[in-house]
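So the structure is just underneath, and the comments pick up after that.
What follows draws every value from the coordinates through simple rules; no lab data is involved. The shown structure was predicted, so the numbers you read here are calculated from the model rather than taken from an experiment. Please note: Cβ atoms are built from the backbone with ideal geometry, for glycine as well, and neighbour counts cover all protein chains shown.
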Amino acid sequence: MPWFPRLAKANAEFVTAPSRQLALAPDALPDAYAGGLPLAGLTAWQTVVDTAGVGQRDRALIHAAAGGVGHLAVQVAKARGAHLIGTARAEQHDFLRELGIDEQIGYETEAFEEAVSDVDAVIDLVGTEDYGMRSLQVLREGGVLVEVPSGVDESVLAAAEERPSGRPPSWSSPITWASSTSRLSPRRGASGSWSTRPSRWGGRFEAHEYLQSGKAHGKVVLTT
Ligand SMILES: NC(=O)c1ccc[n+]([C@@H]2O[C@H](COP(=O)([O-])OP(=O)(O)OC[C@H]3O[C@@H](n4cnc5c(N)ncnc54)[C@H](OP(=O)(O)O)[C@@H]3O)[C@@H](O)[C@H]2O)c1
């Protein structure tokens with residue numbers, strides 16, 4: 001993540017980093033795991049805590065809950081005492097249950113707007129116009145929709161502004177701070193593997209193949 005949003009040279013053995021982008025790794029995490037956390041972890045923190053302000057007993061809906069950012073957003077929101085609903089493929093539901101999600105919606109077979117209503121916050125990691133518009137329907141009055149993929153669709157913005165007690169839209173800049181990193185500490189899944197996975201693959205090829213297989217949860221970390 002150093003120099004974000006510039007390319008970080010993730011396959012290099014050595015990189016430089018500005019001191020403001022360094023943070024202490026949490027005691028509970030080995031360095032390789034901590035090294036995989038910042039980009040996705042801080043995105044999760046920024047959306048759940050800083051932007052949506054999800055807290056105790058809030059009802060939050062997370063789209064793409066089993067993805068790289070989503071599975072961390074689930075853990076952050078759960079640790080803050082929220083009631084969590086996530087959209088994910090049915091094959092991911094056991095994994096999400098291990099992370100403590102309360103309700104799951106299989107996006108391939110169920111329309112989430114028919115299964116859920118009156119939520120305080122939607123964290124949308126899919127980010128299409130369709131998902132944005134449908135997500136507005138499930139928000140309670142005054143609820144917050146956070147669109148993560150860059151660029152919010154104009155029609156979603158217009159519809160959000162027309163909502164009763166709608167707040168004006170706001171944009172968050174890309175993550176530039178490191179201080180929150182030391183507050184992140186993801187837990188183990190019941191399978192015994194960490195959701196952020198270190199690897200000692202000699203070849204980077206296998207690592208990229210594993211990523212492309214779609215079976216990876218969280219980050220794949222190359223170690224020397
Ligand atoms: N990773 C980062 O560090 C990072 C940082 C900043 C911003 N972002 C942005 O955040 C977004 C998500 O990134 P990511 O890294 O979490 O992606 P990812 O690990 O590739 O996960 C994408 C997830 O999307 C889910 N998905 C696909 N279609 C869906 C649908 N129709 N409904 C619900 N879920 C659906 C898939 O879920 P299933 O497995 O359940 O099919 C998959 O788990 C992207 O726009 C990315 O640019 C990522």
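A few remarks follow.
- If you go through the stretch 77-100 and pick out every residue that is more than 8 Å from the ligand (Cβ to nearest atom) and buried (at least 22 other Cβ atoms within 10 Å of the Cβ), you end up with 7.
- Subset of the stretch 62-76 that is closer than 18 Å to L139 by Cβ and not in a helix (DSSP H, G or I) - its residue that is nearest to the ligand (Cβ to nearest atom): A64
- One residue from S117, S155 being polar (S, T, N, Q), more than 23 Å from G55 (Cα to Cα) and exposed (fewer than 15 other Cβ atoms within 10 Å of the Cβ): S155
- Any pair with Cβ under 8 angstrom, 6 or more apart, that starts in the stretch 28-42 at a residue that is closer than 12 Å to G68 by Cβ and part of a helix (DSSP H, G or I) and ends at one that is basic (K, R) and within 10 Å of the ligand (Cβ to nearest atom): G36/K219; A40/K219
- Among residues of the stretch 124-148 that are farther than 19 Å from L84 by Cβ, none has a beta-carbon under 9 Å from a residue that is crowded, with 23+ Cβ neighbours inside 10 Å and of a type in the set (K, R) at least six positions away or on a different chain.
- Only listed residue being touching a helix residue (DSSP H, G or I) at 6+ places or on another chain (Cβ under 7 Å) and more than 10 Å from the ligand (Cβ to nearest atom), chosen from E103, E113: E113
- Residue ID - nearest to the ligand (Cβ to nearest atom), chosen from residues in the stretch 116-137 that are within 23 Å of P164 (Cβ to Cβ) and of a type in the set (A, V, I, L, M): I123
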